[in-house]
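Input: a single structure, listed below in C-alpha cells.
The values are calculated or read from the model by the stated rules, or taken from the named source; none is laboratory data. Keep in mind that this is a model prediction, so the values were computed, not measured. Positions of Cβ are generated from backbone atoms using ideal geometry, with glycine treated the same way; all protein chains shown enter the neighbour counts.
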Amino acid sequence: MAVYGVGGFNRSIHYIENAPFRTKFDKDIQEMSGRLGIGCISDYEPQPLMVRSHHGAYAITTVSKINNMEELTRMLFDSGHSHFLEMSGGDINATELIAALINQKENLIDGIRYALEAVDGSVSILLMNRKGIYAARDKYGRTPVVVGRKEDAYCVSFEDFAYKNLGYMTHRELGAGEIALITDESCRTLVSPNKDMKICTFLWVYYGYPSSSYEGISVENMRYECGKRMAARDNVKPDIVAGVPDSGIAHAIGYANESGIPFSRPFIKYTPTWPRSFMPTMQSQRDLIAKMKLLAVEELIRDKSLLLIDDSIVRGTQLRETTEFLYQSGAKEVHIRPACPPLLYGCKYLNFSRSSSEMDLITRRVIDRLEGGEVTDEVLQEYANPESEKYARMVEEIRKELNFTTLRFNRLDDMLDAVGIDKCKLCTYCWDGKE
C-alpha cells in the first residue's frame, strides 16, 4: 500500500502468502494517513513502487504480463537507463520496467501512453502523485479498470464489488487504452479509449469473483447462463448435479435449474488456513492444498451417479484426484462437465496462470501423443472444432486418462452467448488461438 498526504508519501509492503492481508496491514493502516492511496495484491512482484524521476515523485502499481521484457530492457539500456533491481528469482520487477518506460517521455501522460503501447501482452496501471491517481487500462482492455463514486470521494478497482460495501456506487468503467485522472472531486479522461477491445472471457468463467460485473455483465449470472446451455446439449441423467467449489457452483446451479436434476453439495470447501490454492509457488504444494480444502459429504456421494462441473480442465491433476476420491467414497458414476472448451493454448496476455509451458495443458499432451509430436497451428484448429473427429478423439483420450464416466466440454459458441456481449470484444485465445 502507498498513500499521499500532508507529509508526502508513505508506503508499506508485506509478503502475504502465508497470512491474510488484513493481519499483515492492521498496524500500518493505523499509522498511514493521506487523501490519496493505492494498493495491490501481487503474486509476482513487490509493489507499489516509489519512483523519483523528472516527472517528480510518484507511486505506481500494475497488473501485467510482459512478453517482450528482454527486448524492452535492452532498448532502455541503449537509451541510457543504467540498471534494474533483480528480484529473488533473478527477474526484473515488471512494475519497475513500466515506470522506466513512462520516464522515457517528457510528460507523464505521454509516458503512460507509451508504456501501454510498448508492452506485448497486457498492462493496466495506477500511478499516484500529488495531483491524484492516474488510472490507465490495458490498450485492448484485457483486464478491467472500474471507477466508483460517493459523495466526497472517488475510487478505482479491478473488481466493482470491492467498494460497494464502503458506500461507493459504480461511476463507470474505463475503456480500452483510456487514461483518466482521479481525485476526490472528479474522474477526468486524459486519453480517450481505443475502439477495439479484447477483454479476457475467462474472467467470467473462472477468475472473477461471483459478485463482480465486467462490461455490465454479472459474473454469477453469466455462470448460470453457461450451465443452462451445457444442460440443453447434454443427454446423461445423473442423480445429482454438483459444482467444484467455488467457481463451478454457479455453473452447476444453472445446469440443475435447466435440467431439473437436483443440485447438491457433496463437497464443502474449508478455507480458514489457505483461502487461495494457487498462491504457493510450487505446483505440488498448490495441488495438495486444493485437495485438503475439499471436504466430502459421503452421504451425498455413496451409490450416486454424479455430474460434476468445474470451471475448466488445465493439467487435470486435481480433477483426477477428486474423481478418484468420489469413487473411493462410493460414487457409482462421475460425469465431468468443464464450463469452458478445452484449453489448447497457453495465455499470452494475463499472468493469472502459472503454467510455464503449453505442455502443462492436458489437451496439448494428449494431442502431442495422438499426433506423434507433429503439432502445427493448423492441426490445433482441427482439435478446436467440436464437430471434428480429432476433437472427439481428444476428449475421449482425456476421459480415459482421468477416469471419468463421461466427459463433455462446454462449446465456445455457447459460452460466448452466455456472456452476451459482442464476440469481437472478447479474447478467446486460450481456446481457439485467435487474437
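What number of residues within segment 42-69 are of a type outside the set (Gly, Ala, Ser) and either over 24 Å from the mean Cα position of the chain (by Cα) or outside the structural domain of LEU108 (by TED's automatic domain parsing) (or both)?
Of the residues in that region, 6 qualify.
In the set VAL119, VAL123, which member is in contact with an Asp or Glu (Cβ under 7 Å, 6 or more places away or on another chain) and modelled with pLDDT of 95 or more?
After ruling out the rest, the residue left standing is VAL123.
Give the residue that is nearest to the chain's Cα centre (by Cα), with candidates limited to residues of segment 134-156 that are within 13 Å of HIS171 (Cβ to Cβ) and small (Gly, Ala, Ser).
Narrowing segment 134-156 to residues within 13 Å of HIS171 (Cβ to Cβ): 135, 145-151, 153-156.
Filter again for small (Gly, Ala, Ser), leaving 135, 148, 153.
Numbers: ALA135: 19, GLY148: 21, ALA153: 28 Å.
Across segment 134-156, the extreme among qualifying residues is ALA135.
Condition (residue is hydroxyl-bearing (Ser, Thr, Tyr), touching a residue at least 24 places away in the same chain (Cβ under 8 Å) and more than 14 Å from MET415 (Cβ to Cβ)) applied to segment 243-260: is it met by at least one residue?
The answer is yes, given that some residue of segment 243-260 is hydroxyl-bearing (Ser, Thr, Tyr), touching a residue at least 24 places away in the same chain (Cβ under 8 Å) and more than 14 Å from MET415 (Cβ to Cβ).
Report whether or not GLY121 is buried (at least 18 other Cβ atoms within 10 Å of the Cβ) and on the phi > 0 side of the Ramachandran plot.
On the way: buried (at least 18 other Cβ atoms within 10 Å of the Cβ): yes; on the phi > 0 side of the Ramachandran plot: yes.
So GLY121 passes the test.
Is it the case, given these coordinates, that TYR134 is surrounded by 21 or more Cβ atoms within 10 Å (Cβ to Cβ), of a type in the set (Ser, Thr, Tyr) and closer than 16 Å to ALA2 by Cβ?
Numbers: surrounded by 21 or more Cβ atoms within 10 Å (Cβ to Cβ): yes; of a type in the set (Ser, Thr, Tyr): yes; closer than 16 Å to ALA2 by Cβ: yes.
Here the answer is yes, as TYR134 does meet what is asked.
Okay, residues lined up against (1) crowded, with 16+ Cβ neighbours inside 10 Å; (2) outside any loop (DSSP other than H, G, I, E, B); (3) among the aromatic types (Phe, Trp, Tyr); (4) at pLDDT below 90:
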{"position": "ARG286", "(1), (2), (3), (4)": "yes, yes, no, yes"}
{"position": "LEU306", "(1), (2), (3), (4)": "yes, yes, no, no"}
{"position": "ILE313", "(1), (2), (3), (4)": "yes, no, no, no"}
{"position": "GLN318", "(1), (2), (3), (4)": "yes, yes, no, yes"}
{"position": "LEU326", "(1), (2), (3), (4)": "yes, yes, no, no"}
{"position": "GLY330", "(1), (2), (3), (4)": "no, no, no, no"}
{"position": "LEU344", "(1), (2), (3), (4)": "yes, no, no, no"}
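Which one of these does GLY39 not meet: (1) under 27 Å from the mean Cα position of the chain (by Cα); (2) modelled with pLDDT under 90?
The failed condition is (2).
Those residues that are of a type in the set (Val, Ile, Thr) and modelled with pLDDT under 95, I need them from segment 346-375; list them, please.
VAL375, the sole residue that qualifies.
Scan segment 43-70 residue by residue and report those that are in contact (Cβ under 8 Å) with a residue 40 or more places away in the chain and either of a type in the set (D, E, K, R) or in a loop (DSSP other than H, G, I, E, B) (or both).
The answer is ASP43, TYR44, GLU45, PRO46, GLN47, PRO48, HIS54, HIS55, LYS65, ASN67, ASN68.
Condition check ((1) surrounded by fewer than 19 Cβ atoms within 10 Å (Cβ to Cβ); (2) within 20 Å of VAL156 (Cα to Cα)) across all residues:
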| site | (1), (2) |
| --- | --- |
| MET1 | no, yes |
| ARG11 | yes, yes |
| ILE38 | no, yes |
| THR62 | no, yes |
| THR73 | yes, no |
| SER79 | yes, no |
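Scan segment 213-251 for residues that are in a strand (DSSP E or B) and surrounded by 22 or more Cβ atoms within 10 Å (Cβ to Cβ) and jot them down.
TYR214, VAL241, ALA242, GLY243
Just to be sure I understand, how many residues within segment 118-146 are part of a strand (DSSP E or B) and in contact with a Leu (Cβ under 7 Å, 6 or more places away or on another chain)?
Counting residues in segment 118-146 that are part of a strand (DSSP E or B) and in contact with a Leu (Cβ under 7 Å, 6 or more places away or on another chain) gives 8.
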